[in-house]
1. I'd like to know which of C470, H77, T255 lies farthest towards the positive end of the charge dipole of the chain, counting +1 on Cβ of Lys and Arg and -1 on Cβ of Asp and Glu.
2. Run the numbers on the range 192-261 and let me know its relative contact order in percent, using alpha-carbon pairs under 8 Å that are six or more apart.
3. Name the residues whose placed amide hydrogens come within less than 5 Å of the amide hydrogen of A87, ignoring near sequence neighbours (fewer than 5 apart) on the same chain.
4. In the chain, what percentage of the DSSP-assigned beta bridges are antiparallel, given to the nearest 5?
5. In µm²/s, what is D for the chain at 4 °C and 1.567 mPa s, where D = kT/(6 pi eta Rh) by Stokes-Einstein and Rh is the Kirkwood radius from Cα pairs?
6. Obtain the nm distance between the two label points defined at R118 and D106 by a simple spin-label model: each point lies 7 Å from its Cα along the Cα-to-C-beta direction.
7. Past 31 Å, Cα to Cα: identify those pairs from K223/K374; K311/K401; K248/K401; K217/K311; K223/K248; K176/K374, in the order given.
8. Per-residue counts of other Cβ atoms within 10 Å, averaged by peptide: what ranking do you get for 127-137, 41-51, highest first?
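Nothing in this text is a laboratory measurement; each read-out follows from the coordinates by a stated rule. Values in this document were obtained by computation on a predicted structure and should not be read as measured data. Please note: Cβ atoms are built from the backbone with ideal geometry, for glycine as well, and neighbour counts cover all protein chains shown.
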Amino acid sequence: MKTMLSTLMAKLLPRMGSMRPLLKKTDRLDATLLHWNPLDRLSLRDLLSGGVCITGRSGSGKTSSSGRMIGNAVIRHPRTGGLILAANTEDLAMWRAMFEAAGRADDLLVFAPDSRLRFNFLSYVLASGGQTRDVTRCLTVIGETLRSNETSGGENADFWAREQERMIFNATEIIKTATGTVSAPCIQRFITTAPQCPAEIATASWQAGYCNQCIAKAFKANKTTVEAHDFQLATDYWLSEFPTMSEKTRSSIITGVMGILHVFNVGVVRELVSTTTNVSPDDMLLGKWILVNMAPAEWGDMGALIAGGWKYLTQRRILRRQAEPDGFINVIWADEYHQFVNSFDSYYLAQCRSRLGCMVVLSQSLSSYYAALKGDSGRNLADALLPNFSTKIFHALGDVKSAEWASGLIGKKLESFFGVSMAPVENLWDEINGRSSVTMSTSEHYENELQNTVFLNGLRTGGHMNGLICDGIVIRSGDPFANGANWLKVEFSQKA
């Protein structure tokens, strides 16, 4: 018996030894980032379940309390890197102080006009193995960020978006085949020199122009069967379809495309994202944090474009990586998130967990998402996006729609109601003597566990009058908290 046991242990011990490092790496996801209270916590595993969505009206203290608390916890973990999209001019000073306190000052890289960092968006897509469709997708997703500030829209918006995408694709295909690379200035130059009518194609001036030079060079270039097919389709578009379009249709499509390319090709934006590359999302996978210090509140469309490009390309990079258990966790941080949200975010959040990616976002209301993602399709996108965040924090809200959303996430519970009524007097004698009968009734039905009013006027908003304390309701999907419920009321301090 002893011999058989020794033989069995000899076989099992090597296997157990090989399993031990893997278990150790996996268990690190159960590490605690912060405690909501003595019994409940936010772990790395919780963070990687989509991330955290913080909602509260302006002045509710979400950035200075729960936001800063989570931010400090994340950057103090040594195996994190990520992207921070500045929403206000004072964000840079706050984050620098936090990284300094965490002992990671060297890990914070600031991408701004006054820094030396540059990142050519479109070249990075191609250098990362992307094809024409990926370049087109990059431009159109960034275009969504720009269009979120527009108030116009209509039932034909999807048609124009598809036609703009097709124009960008066909221009990119020819330029890439001709030169081996692509940039926003080249796309803009190609489109502006395209023939406006069939007769122009025969003119010497057009044949000497940039558009025809690219087509001729791409025609002579070596191509695979797939590339030859796509090149032919692109050539047919520019030499047959485009010149014969009605002027109104053609100008409408060009206007939409140029609205994106123009921002790429002017001022500091061209210098920052259309020249060279010395920083990219690859640096985040080595533990660096990149803060895009171009708040849309200050920089307008230029800030929105650069932030949107960084966010999309970071998401794309995370989804392409094969994450090891001990790899760096990537966090995309976006305050005033409605300024940066687009249709790709929902797709990203649904898949990023296995790639060690997540997002932490802060916004003012549910309506801010609906306003950014316009129309019925945009509302559906917002409704699909928000459930991906397994942890949600609600500070004081300013509108009923957001309060109803928050209350609905907690759910309902069975309540008992008691009623008392006086039976009608049957005769005059009983009435004179004060005799009456009382009827009691009971009923049960489901009511919201937390009513809307709790979110609208029951939470402290910080400041010295509240002892620098902000109240928040933390809601978690999946595992309940220690109290058996899916929500907690938590006090967040604004003290640094």
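1. Comparing the listed Cα positions along the dipole, H77 ranks first.
2. 41
3. Amide H neighbours of A87: D335.
4. That works out to approximately 50 percent antiparallel.
5. Taking Rh from Cα pairs, D becomes 50 µm²/s.
6. Inter-label distance under the simple model: 2.6 nm.
7. From the list (K223/K374; K311/K401; K248/K401; K217/K311; K223/K248; K176/K374), the Cα-Cα distance tops 31 Å for K223/K374; K248/K401; K217/K311; K223/K248; K176/K374.
8. The most tightly packed comes first, giving 41-51, 127-137.
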